[in-house]
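Below you'll find the structure, written out as structure tokens, and then a few comments.
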Amino acid sequence: MNVLLKSATIVDSKSDYHNETVDILIENGTITNISKTIKNKNNYKEISLDNLHVSQGWFDCSVSFGEPGYEERETIVNGLKTAAHSGFTNVVVNTNTNPVIDSYADISFLKSKSQGHAVNLHPLGALTKNSQGEALAELYDMTTAGAIGFYDYQKPISDPNLMKIALQYASNFGGLVFAFPQESKISRDGVMNEHITSTTLGLNGNPALAEELQIARDLFLLEYTGGKLHIPTISTAKSVALIRDAKKKKLDVSCSVAIHNIVLTDSVLESFDTRYKVLPPLRTETDTLALIEGLKDGTIDMVTSDHNPIDVEHKKIEFDYAAYGTIGLESAFGALQSVFTTKKSIDLLTKGSERFGIETAPIQVGNKANITLFNPTTVYTFSKDDILSTSKNAIFENYKLKGKTYGIISNNKLVLN
């Protein structure tokens, strides 16, 4: 793949050309020249787009595709296509499939299905067999097959001894253990944040306490075992404080936050729209402000779309019975820019991959091209026309967003919208 990018502004703090507007020549997937002006001597494909900006390829640490088992929600092929057109070059894929991804063969299946695509798929393996929370899955075997961590997607490990053993065992080979932050005996059948809005609407509440108790427990276990822990999608102010204190103790812990949890609050549920039913639930403005501050000071290591396609039969029903989840790849950049500057948004979208052992490279001559192309100033209303996923459960539908992607260059492939 040979291509010449014209007048591209580089947003990459690790590049010598950060904030410069230059031409970028890519030959056979490698950056061979960066200069103010490059003549197209070989008549390569030339890309000249309005207000073109480029950065290192974007990374998402929590993406769900339906395959295997829920292909009506999303196939791997269409999921990777959606990720590419949304600007992502690396995605970490969850285990919420049927069957659950919990063996060497399952990881191998995902790896083989993703071969030849512009987007790199990095599979997680289930922490416990069939994600039932009773016995550890084949953690080491899945690592040898290519699993980069272990997670029972949105299912907390209720048995503290099992979590302790998981951290101890995985530490023998550097495995990263995920711990979903929810104490089920506290959250019970809560379907939204427990607060004034839940009382007003008459919906069962899921209190912040449920998340914070689980995080406190798992951090105590981590301190005891000396393992390696990742806490996905935190949502409360106290959670940020707990993890900040743990990092001061030099515990090996990282965490993420879903983009919708820093943009929206539980007040939007007054419409009873099931698009807003997510897990963890949307919280209060106090929580969103604390999450934003946690991203600014580095307590929270990364953001995620927490992209989770749900078929209409499980989403367009009574709120209490609707499935949790929203798609988010397509709207991630535009939603982030409603909170942060372009520079900070790109920093957040390119941050976190090192935690999973995924190599990145700045936009420099001699490096493989792993690049996202975008226009940071496009303002538009996100609509069904912008949804590329098979499922349409988009939490940001009808919201005004800022910033659109043009595509990616990755794995010697060009994907343009």
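Of all residues in segment 137-184, which are among the charged types (D, E, K, R) and without any contact (Cβ under 8 Å) to a residue 12 or more places away in the chain? Don't jump to the end; show me each part of the working.
Initial filter on segment 137-184 (among the charged types (D, E, K, R)): 138, 141, 152, 155, 159, 164, 183.
Listed by number, the list is empty, since nothing qualifies.
Quickly run through segment 312-355 and pick out the residues that are more than 18 Å from the chain's Cα centre (by Cα), assigned to a helix (DSSP H, G or I) and of a type outside the set (V, I, T).
Answer for segment 312-355, where residues must be more than 18 Å from the chain's Cα centre (by Cα), assigned to a helix (DSSP H, G or I) and of a type outside the set (V, I, T): E313, H314, K315, F319, D320, Y321, K343.
Restricting to segment 320-340, and then to whatever is touching a strand residue (DSSP E or B) at 6+ places or on another chain (Cβ under 9 Å) and β-branched (V, I, T), can you tell me which residue is farthest from Y406 (Cα to Cα)? Steps first, please.
Start the filter on segment 320-340 by keeping residues that are touching a strand residue (DSSP E or B) at 6+ places or on another chain (Cβ under 9 Å), which leaves 325-338.
After this cut, where a residue has to be β-branched (V, I, T) as well, the list is 326-327.
Working: T326: 23, I327: 19 Å.
This residue is T326.
Being open to solvent by less than 50 Å² (accessible area, probe 1.4 Å), in a strand (DSSP E or B) and either in contact with a helix residue (DSSP H, G or I) (Cβ under 8 Å, 6 or more places away or on another chain) or not aliphatic (A, V, I, L, M) (or both) is the filter here, so list the residues in segment 3-26 that pass it.
K6, T9, D23
With the requirement that a residue be outside any loop (DSSP other than H, G, I, E, B) and under 28 Å from I76 (Cβ atoms), what does segment 356-390 give you? Let's see the steps before the verdict.
Kept after step one, since they are outside any loop (DSSP other than H, G, I, E, B), are these residues of segment 356-390: 356, 368, 371-381, 384-386.
Residues satisfying the conditions are F356, K368, I371, T372, L373, F374, K384, D385, D386.
Being among the aliphatic types (A, V, I, L, M) and under 14 Å from the mean Cα position of the chain (by Cα) is the filter here, so list the residues in segment 255-278 that pass it.
Step one: of segment 255-278, the residues among the aliphatic types (A, V, I, L, M) are 257-259, 262-264, 268-269, 278.
Residues satisfying the conditions are V257, A258, I259, I262.
Got a sec? Which of D245, D252 is within 17 Å of E293 (Cβ to Cβ) and either surrounded by 23 or more Cβ atoms within 10 Å (Cβ to Cβ) or modelled with pLDDT of 95 or more (or both)?
Values: D252 fails: within 17 Å of E293 (Cβ to Cβ).
The conditions single out D245.
Of all residues in segment 27-51, how many are surrounded by fewer than 16 Cβ atoms within 10 Å (Cβ to Cβ) and either touching a helix residue (DSSP H, G or I) at 6+ places or on another chain (Cβ under 6 Å) or not in a strand (DSSP E or B) (or both)?
12
Which is hydrophobic (A, V, I, L, M, F, W, C) and not in a helix (DSSP H, G or I), of I300, I262, I292? Steps first, please.
Values: I262 fails: not in a helix (DSSP H, G or I); I292 fails: not in a helix (DSSP H, G or I).
One residue alone meets the criteria, I300.
Step by step: first the residues of segment 169-193, then only those that are over 19 Å from Y321 (Cβ atoms) and of a type in the set (D, E, K, R), then the one that is least open to solvent (accessible area, probe 1.4 Å). Which residue is that?
Per the criteria, the residue is E183.
Would you pick out the residues in segment 201-242 that are open to solvent by 50 Å² or more (accessible area, probe 1.4 Å) and touching a residue at least 60 places away in the same chain (Cβ under 8 Å)?
Residues satisfying the conditions are N204, Y224, K228.
Please name all residue pairs, on different chains or six or more residues apart, with Cβ atoms under 6 Å, provided the first residue is in segment 336-361 and is touching a residue at least 24 places away in the same chain (Cβ under 8 Å) and the second residue is open to solvent by 50 Å² or more (accessible area, probe 1.4 Å).
Partner pairs satisfying both residue conditions: Q337/K402; S353/T360.
How many residues does segment 17-40 contain that are in contact (Cβ under 8 Å) with a residue 24 or more places away in the chain and under 16 Å from D347 (Cα atoms)?
The total comes to 1.
The values are calculated or read from the model by the stated rules, or taken from the named source; none is laboratory data. Please read all numbers here as calculations on a predicted model, not as lab measurements. All Cβ positions, glycine included, derive from the backbone under ideal geometry; neighbour counts span all protein chains shown. Only protein heavy atoms, including side chains, enter the accessible area calculation; ligands, DNA and RNA are left aside. Shrake-Rupley method; radii C 1.70, N 1.55, O 1.52, S 1.80 Å.
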